[in-house]
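Contents: one structure, followed by commentary.
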Amino acid sequence: MSAVGGIGSGTILPSSGNDNASMGDLLEVSRRLALSKSEREAEQLIVHEAMSLVGASAGALIRNRPNGLSVAYETEENLLLPSGLRSGIIQRAAETGQSIVQVSATEPSIRSLPAALAVAPLVGNGRVGAVVVLARPPDSPFSPSELELLVSLAPVAAAALSSARHTDSLAEDSLVDPLTSLGNRRRLDKEFPELLSSSLGMDIAVMMIDIDYFKQVNDTYGHQVGDEVLRSVRNSLLFCRTPRTQKHRSLLKG
């Protein structure tokens, strides 16, 4: 853990934030995070719980993916400058795994400066998977005790993200045919009404395909060959999609 000074001498000034938050508060936060039903919900909840825990006025969660840092959620539109994510304290936290507090007038990732900042990396499976960024007015710098709370919150938040990601993966798997990787009947029932309601005034076409003599293929050549036939039909359908239809999911009604 590191506390890094910003403007002036770098001395941490008395904070007007939430220095009275306790481990009991942290346990309650942990309980609420465990109830996240999706990765998106977990991302938002982590930010708002962290803000409440230390009295921040704004916050964001940055995902650290193989292709770089990206904004997953921010409480205020344009709170962050995506172009500055790779050259400031967020990048430093992602690289070092260390939490940072500072007051800064030059941080490249924050749009409105000066500001008091707190940055906490979320480490899971040995790597920083996300970074929580909190901000408030520069005359209320984050205190060492608030930084300690964020450090204690970080593994709980990382576990909540991992659990929510697993839940999302299971939900996605339940909507996909394992043989063809196309949407199954459950996906059709779930997403087709949404597609209809969001496409009012637009032309929609529904195509149903029946493979002639498919049972004979299975009976004559075996189910392994039949599986290859299904994959071949899937590939042909995907190949025939136009750029206009690329954005829509392929649905398979079996």
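The values are calculated or read from the model by the stated rules, or taken from the named source; none is laboratory data. None of the values given here were measured: they were computed from a predicted structure. Cβ placement follows ideal geometry from the backbone for every residue including glycine, while neighbour counts extend to all protein chains displayed. Accessible surface areas use protein heavy atoms only, side chains included; no ligands, DNA or RNA. Shrake-Rupley method; radii C 1.70, N 1.55, O 1.52, S 1.80 Å.
Summary of values
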{"read-out": "Residue in the range 115-130 that is at negative phi and free of Cβ contacts under 8 Å to residues at least 12 places away in the same chain present", "value": "no"}
{"read-out": "Selection status of Gly68, surrounded by fewer than 19 Cβ atoms within 10 Å (Cβ to Cβ), on the phi > 0 side of the Ramachandran plot and not polar (S, T, N, Q)", "value": "yes"}
{"read-out": "Residue in the range 94-103 that is over 18 Å from Asn67 (Cα atoms), open to solvent by 10 Å² or more (accessible area, probe 1.4 Å) and among the hydrophobic types (A, V, I, L, M, F, W, C) present", "value": "yes"}
{"read-out": "Total residues in the range 80-116, condition within 20 Å of Gly55 (Cα to Cα), among the hydroxyl-bearing types (Ser, Thr, Tyr) and within 21 Å of the chain's Cα centre (by Cα)", "value": "1"}
{"read-out": "Selection from the range 49-65 of residues that are modelled with pLDDT under 95, open to solvent by 50 Å² or more (accessible area, probe 1.4 Å) and farther than 14 Å from Val128 by Cβ", "value": "Ser52"}
{"read-out": "Near pairs, Cβ below 6 angstrom, 6+ apart or cross-chain, from the range 207-225 (under 23 Å from Leu238 (Cβ atoms)) to any residue that is among the hydrophobic types (A, V, I, L, M, F, W, C)", "value": "Val217/Val229"}
{"read-out": "Per-region count, the range 107-165, residues assigned to a loop (DSSP other than H, G, I, E, B), open to solvent by less than 50 Å² (accessible area, probe 1.4 Å) and among the acidic types (Asp, Glu)", "value": "1"}
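Residues are listed down the side, and each one gets a yes or a no for (1) charged (D, E, K, R); (2) within 19 Å of the chain's Cα centre (by Cα); (3) over 18 Å from Arg136 (Cβ atoms):
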residue: Arg32; (1), (2), (3): yes, yes, yes
residue: Glu43; (1), (2), (3): yes, yes, yes
residue: Leu61; (1), (2), (3): no, yes, no
residue: Pro121; (1), (2), (3): no, yes, yes
